[in-house]
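The values are calculated or read from the model by the stated rules, or taken from the named source; none is laboratory data. This structure is a prediction, so every number in the text was calculated from the model and none was measured. All Cβ positions, even for glycine, are placed from backbone atoms using ideal geometry, and neighbour counts span all protein chains on display.
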Ligand SMILES: [Zn+2]
Ligand SMILES: [Zn+2]
């Protein structure tokens, strides 16, 4: 039997246990038809690079759920996958090419796709490695990439079905265009930034020669594409202009002045220039008035042939020239500073150009309806609940989804154009000839689909859809979709729409949205690595170990709320791992010394347990009940916190310390069975949170147990602890909590008065209801507080006038310490006064907290209950402190 090494070295054991789990196939579930499986389809991280701490949080929370369900005996599938991230990946590879002085056009579509695949494969391996480093217990045998054959067939099938139902159409619509990426973007791929710009007032001379109409615009260069000036029909300033024309300067084109209710007469001059090809609002007005569209820009945002003398200029350079020319003609009335919101490409940060363009769209209205219903009727639960409103709002106002992208990396649109009869062929598999005219001259649409089109199918395409597979039958619908709340519309909403559309059934029962991780400065970890450098989890992992990092990520996490993660949290995780390690070493040593002959579980013990045995056992069972309830309510941060508090304080600081005294005096019964039992169950409770150190310690513990015990081969397949109702011992808890409070208060005084650690001090404890019980625990109090002589007396025997000493007011008792020469009345009065003030402060804080609506609605009910109990205790304590204080004052020699 090998003893545990003195210090925990995570690097040495993490790889060992991960390989062990993997080799034994624990991550791969069995299909057990009469059991309902627990399923998480991992929202696929982008292939664009290494994981950051945000991904690590996602993986940790999913792994906690998955390991917990596996230990509960559910057939558990966590299916990992990667997203090809169309535009983001293409930008990365293009940048690499640019470093070698090349463009994708130079090397061609085929070579570019080959290069991108090679890059993606390396990246997929790296992301898999990082997930494994984190301890993620995914079923790697089912790993999927969005561009794999299966998911690709699903994409083509879904496209064809929607097209045949009339829910996919091709049309000329206003879209967001990135001039650098040269592709359409969806509304969600546009990042709006506030820009300090200008409002330019430009005069358009009246064609009939009676003055000007002045328009205000942030983009003067677009006047080249104007097809009207619009005013409000009731605007008295312009009434006589309606129906007349003005002449655009420089290019001398006449455009009408029209009236439209949509014009805001209070903005600028009240006259609005209409550029329908380059502005979404203008496009709508133009449609109502049947105005022509004039494109003035090429796809790369240089000016085209409609820009007259400005043709060939970039849109930025064009603005300067336009302004100079207008000024020269006296047509630039004034310039005002003006800040406004401008859309930028989420992937490359180039200013987006609104543009009317021929694209493919999904008609989302009919898909959104059943998706709204599924949440409304409770088939899908969204946690936290406040995001339900956001979901409805977005879904009820959803716009048609532009799904075509002018990219090379992605799923090619399954549409072919016949050169013979100009027919459009939409098929899952590539056709060889046109069904209409027989021509084999078919040209496939050059565009690819929006990446989110394939992620929308992810919940079923990963399980084999459109084929009827065993996996699809058994594992669909999934249990939980776990992701950050900023992804709700990218993923969650689309998955619900497409899951319902393709499968006729919801894709998952619960949507759990976690908060965003922000760094110490509060900055959000970006979804892309192109901007800034988000923290790679392997840095803290190499310094603190995986378990400490997972602990830190989970600590304080509540559904939907952001949190900061920094060094202090990692250190606290590492300290906890070390505490657990040292406690285990002590217990294993005690177990060795007791020998196999000693009963190692409380059930086998013949002797009646002591008070502290019953206390720790009761506390442990209470913990099991709480943790189970918290896990079921997705309160993982609070569950971890409660296990931490139990292990650190109750088990290590109190039970083990008391057990040491008992072991030294070879008391009977031995605490060893309770030491072993509490440790073993704590390890299982902690396993989903900290898988590696718990496996290592559990395996060592297993070696020490009698060989006949029927114990599983790994903690990860051992059952999650269940509470034993018989273990609850409220009276033992009450007594031991009182003992702990007495010891703590004496220790505090010793520290305050700098009493040497080895020195014994006299103490008198006055109790009421607990008198007999406390008397029975005198030896524990004596040893732990270094209090001798210690007398435990009836509260009624106390004569405060004669105390002449330090009085500590506790929950169940008063402690009197006649520290000779140490106590002066004035100082004591001050201390009691200060303590009362402090308690008053805490009371008003708690009262404020319990009045705070946002706390009451966000915190778990247990936490609220705890705060209420705290308040009651503090109020009682304050009363007794006040009594002591008035006693002290009334007996004071000066009074
Ligand atoms: Zn871009
Ligand atoms: Zn044809």
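Within the bounds of region 230-238, is there any residue that is at pLDDT below 90 and either out of contact with any helix residue (DSSP H, G or I) (no Cβ under 6 Å at 6 or more places or on another chain) or surrounded by 20 or more Cβ atoms within 10 Å (Cβ to Cβ) (or both)?
For region 230-238, residues at pLDDT below 90 and either out of contact with any helix residue (DSSP H, G or I) (no Cβ under 6 Å at 6 or more places or on another chain) or surrounded by 20 or more Cβ atoms within 10 Å (Cβ to Cβ) (or both): absent.
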### Matching option when the condition is closer than 22 Å to residue 701 by Cα and modelled with pLDDT of 90 or more, among 591, 611, 623
623
#### Entry: Test: residue in region 140-156 that is in contact (Cβ under 8 Å) with a residue 40 or more places away in the chain, away from ligand 2 (no atom under 16 Å from the Cβ), over 35 Å from the mean Cα position of the chain (by Cα) and in a strand (DSSP E or B)
no
### Query
If only one of 713, 738 is out of contact with any helix residue (DSSP H, G or I) (no Cβ under 6 Å at 6 or more places or on another chain), touching a residue at least 60 places away in the same chain (Cβ under 8 Å) and crowded, with 16+ Cβ neighbours inside 10 Å, which one is it?
738
### Task
Inspect all residues belonging to region 762-783 and state whether any of them is outside any loop (DSSP other than H, G, I, E, B), under 46 Å from the mean Cα position of the chain (by Cα) and farther than 30 Å from residue 26 by Cβ.
yes
### Task
Could you pull out the residue among 384, 309, 292 that is more than 16 Å from ligand 1 (Cβ to nearest atom) and either on the phi > 0 side of the Ramachandran plot or touching a strand residue (DSSP E or B) at 6+ places or on another chain (Cβ under 6 Å) (or both)?
384
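Residues 277, 301, 286, 324: which one is over 23 Å from residue 406 (Cα atoms) and surrounded by 15 or more Cβ atoms within 10 Å (Cβ to Cβ)? Quick ask: steps written out before the conclusion?
Values: 277 fails: over 23 Å from residue 406 (Cα atoms); 301 fails: over 23 Å from residue 406 (Cα atoms); 324 fails: surrounded by 15 or more Cβ atoms within 10 Å (Cβ to Cβ).
Answer to the check: 286.
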### Task
Find the residue count for region 16-45, including only residues that are part of a loop (DSSP other than H, G, I, E, B) and in contact (Cβ under 8 Å) with a residue 60 or more places away in the chain.
12
### Message
Just to be sure before I move on: is residue 407 modelled with pLDDT of 95 or more, away from ligand 2 (no atom under 16 Å from the Cβ) and under 30 Å from residue 483 (Cα atoms) in the structure I sent?
### Response
no
### Task
Give me the pairs, please: first residue somewhere in region 419-439 and touching a residue at least 40 places away in the same chain (Cβ under 8 Å) and at negative phi, second residue anywhere and part of a loop (DSSP other than H, G, I, E, B) and more than 7 Å from ligand 2 (Cβ to nearest atom), beta-carbon distance under 7 Å, and either six or more positions apart or on two chains.
426/414; 427/414; 428/414
### Query
What is the number of the single condition among (1) assigned to a helix (DSSP H, G or I); (2) in contact (Cβ under 8 Å) with a residue 12 or more places away in the chain; (3) within 16 Å of ligand 1 (Cβ to nearest atom); (4) farther than 22 Å from residue 492 by Cα that residue 177 does not meet?
(1)
### Query
Looking at (1) over 22 Å from residue 640 (Cβ atoms); (2) in a helix (DSSP H, G or I), which is the only condition residue 50 fails?
(2)
### Summary
Matching residues in region 352-371 (under 26 Å from residue 191 (Cα atoms) and free of Cβ contacts under 8 Å to residues at least 40 places away in the same chain) number 1
### Message
For region 191-238, give me the residue count where each residue is out of contact with any strand residue (DSSP E or B) (no Cβ under 7 Å at 6 or more places or on another chain), part of a loop (DSSP other than H, G, I, E, B) and under 28 Å from residue 348 (Cβ atoms).
### Response
1
